[in-house]
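A.B. asks: Got a structure here, written out as structure tokens. Questions coming.
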Amino acid sequence: APPACPFCGEAAGRELQEHVWERHGHLLGAPGTDTENGEQLYECPICSLTCTNIQILEEHVNLHLEEHSFSEGGHIRDLELAQQLQTEEDKWQRSQEERREREEFKKLQRQYGLDNSGGYKQQFLKNMEREVDRGRMQPFEYHKRKADMMESLAFGIDDGKTKTSGVIEALCKYYQNENKDVRHVWLSAGVDHFHSSLGDRGWGCGYRNFQMLLSSLLQNSLYRDWLRDTTLIPSIPKIQSMIEDAWREGFDPHGASHFNNRLHGSKAWIGACEIYSLLTSLRMKCQIIDFHKPTGPMGTHPRLFEWILHYYSTGNEGGAKVVCTSKPPIYLQHQGHSRTVVGIEEKKNRSLCLLLFDPGCSSQEMQKLLKQNSDGTNLKLLRKFMGSLKEKQYQIVAVDGVLSLEEKAARCRASQVLTSEKIP
């Protein structure tokens, strides 16, 4: 902005002196009082200094104007500099914030397998190569396992190398002979345990839990006939493709957009919503329930335990101590991990204890449960008391029947609006 005139306040441009003499010269040329000698004195209208002639007054006033112009210009330059510095500071702050956001986004992408770093196949091969480099695997074993893996992926069938069968049957026998503190126990229909492998370690728990749930459904006459197209346990890449198929049918468009509608070939984590969509697309009648906050002291979830007890005991209220139900296992999700509920104990003091299959537990550990162990120490692998489940939120997916084609279509439409029921 140009300097302002000291008389009228108008912006005078660069030629402040010309403006003042042209517009306000009459003020400067007016003579003041006479001296004793009869000389006229001219008074400066700015500082009231008296000059003996008009030329001296003009030079004096011009000095005022130059000083005023410099002061105004200096103030403007200071203001412009401050504004420039603030603009640069704001720009730097925005760039730093954008950089942090990009780094956080990339970190989340890596954490949840959405960074385009490859999927099951790439991780499997990379981990085997690392094992060879460290001398833990012979080259011939590498090539054999690679060939087996490629065959498994080609057919879309899990190779069964991480599977442990017969644990539920072993638990039935154990509880029938256990006489210490268990009042009742309800167990799911037969469930095979699957654990993470070299190809999905760190991100595959959701897929492995689906394999466990499906293994029970395929052994259950209530569901087996409805799963004619899925008679064998699919591999993880195949499960990813099956979820993409469910999205293409219209299930959970919001969730699909989170993954950019693509799972196959990635290390993307999946959760309860993806399991619900996949099961419903297979015409399994299931529900997803959100336990969105603790309902007991010390951050515990008694409502979760009560819901699971009701799920297993409804229709199985007989007096038998050990009840091997026809109920499928329950998918249990919390932040960062998921497991499979295969049963629930009721102690003689009425406290409850969940029995969980964890994909992070190795086959070697699970096979210990197949041996008859009179003191039940191996059950520590499975038992989770109320004080052990203290995450802020849990979600479960439970199967309880099959759907007609009309019911499946209705579920698909509903999943586009609401995917979970919250337990208050």
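A.B. asks: Using a 1.4 Å probe on the protein chains only, how many percent of the accessible area of region 151-221 belongs to carbon and sulfur?
C.D. replies: On the way: 1200 of 2520 Å².
Heavy-atom surface of region 151-221 belonging to carbon and sulfur, 1.4 Å probe: 48 percent.
A.B. asks: By per-residue mean of other Cβ atoms within 10 Å, what is the highest-first order of 195-207, 287-299? Walk me through the numbers before you get to the answer.
C.D. replies: Values: 195-207: 21.9, 287-299: 15.5.
Per-residue Cβ counts within 10 Å, averaged per peptide and sorted highest first, yield 195-207, 287-299.
A.B. asks: Please calculate how many Å² of accessible area region 340-410 carries per residue, with a 1.4 Å probe and no DNA, RNA or ligand atoms counted.
C.D. replies: Accessible area per residue, region 340-410: 48 Å².
A.B. asks: Counting only protein heavy atoms and using a 1.4 Å probe, what share of the accessible area of region 231-297 belongs to carbon plus sulfur, as a whole percent? Kindly include the intermediate steps, with their values, before the conclusion.
C.D. replies: Working: 1370 of 2610 Å².
The computed percentage sits at 53.
A.B. asks: Continuing with this model, one more query. What FRET efficiency do you get for Glu169 and Gln93 if R0 is 56 Å and r is their Cβ-Cβ distance, rounded to the nearest 0.05?
C.D. replies: Working: r = 63 Å, r/R0 = 1.13.
So the FRET efficiency works out to roughly 0.30.
A.B. asks: Compute, for Leu85, the solvent-accessible surface of its heavy atoms (probe 1.4 Å) with the complete set of protein chains present, and express it in square angstrom to the nearest 10.
C.D. replies: Near enough 100 Å² of accessible area.
A.B. asks: Looking at the square roots a ≥ b ≥ c of the eigenvalues of the Cα gyration tensor of region 120-422, which shape do they give, rounded for a/c under 1.5, prolate if a/b is larger than b/c, or oblate?
C.D. replies: Numbers: a/c = 1.66, a/b = 1.17, b/c = 1.42.
It is oblate, given that a/c is not under 1.5 and a/b is not larger than b/c.
A.B. asks: Between Glu365 and Glu131, what is 0.36 nm times their sequence separation minus the Cα-Cα distance? Round to one decimal in nm.
C.D. replies: Stretched out fully, the Glu365 to Glu131 stretch lengthens by 82.1 nm.
A.B. asks: Return the sequence-ordered ³J(HN,Hα) values of region 406-414 in whole Hz as given by the Karplus equation 6.51 cos²θ - 1.76 cosθ + 1.60 applied to θ = phi - 60°, using x for Gly and Pro.
C.D. replies: My calculation for region 406-414 gives 5, 5, 4, 4, 5, 5, 4, 5, 5 Hz in order.
A.B. asks: If the limit is 21 Å between Cα atoms, which of Lys267/Lys293; Lys161/Lys390; Lys173/Lys368; Lys121/Lys238 go over it?
C.D. replies: Numbers: Lys267/Lys293 29 Å; Lys161/Lys390 32 Å; Lys173/Lys368 14 Å; Lys121/Lys238 12 Å.
Where the Cα-Cα span goes over 21 Å, the pairs concerned are Lys267/Lys293; Lys161/Lys390.
A.B. asks: Accessible area per residue, 1.4 Å probe, Å², for region 179-337: what's the number? Write down the numbers at each step before the final one.
C.D. replies: Working: 6180 Å² over 159 residues.
Computed with neighbouring chains in place, this is 39 Å² per residue.
The values are calculated or read from the model by the stated rules, or taken from the named source; none is laboratory data. Small disclaimer: the values here were computed from a predicted structure and weren't measured. Note that each Cβ is placed from the backbone with ideal geometry, even for glycine, and that neighbours are counted across all protein chains shown. Ligands, DNA and RNA are excluded from the accessible area calculation, which covers all protein heavy atoms including side chains. Shrake-Rupley method; radii C 1.70, N 1.55, O 1.52, S 1.80 Å.
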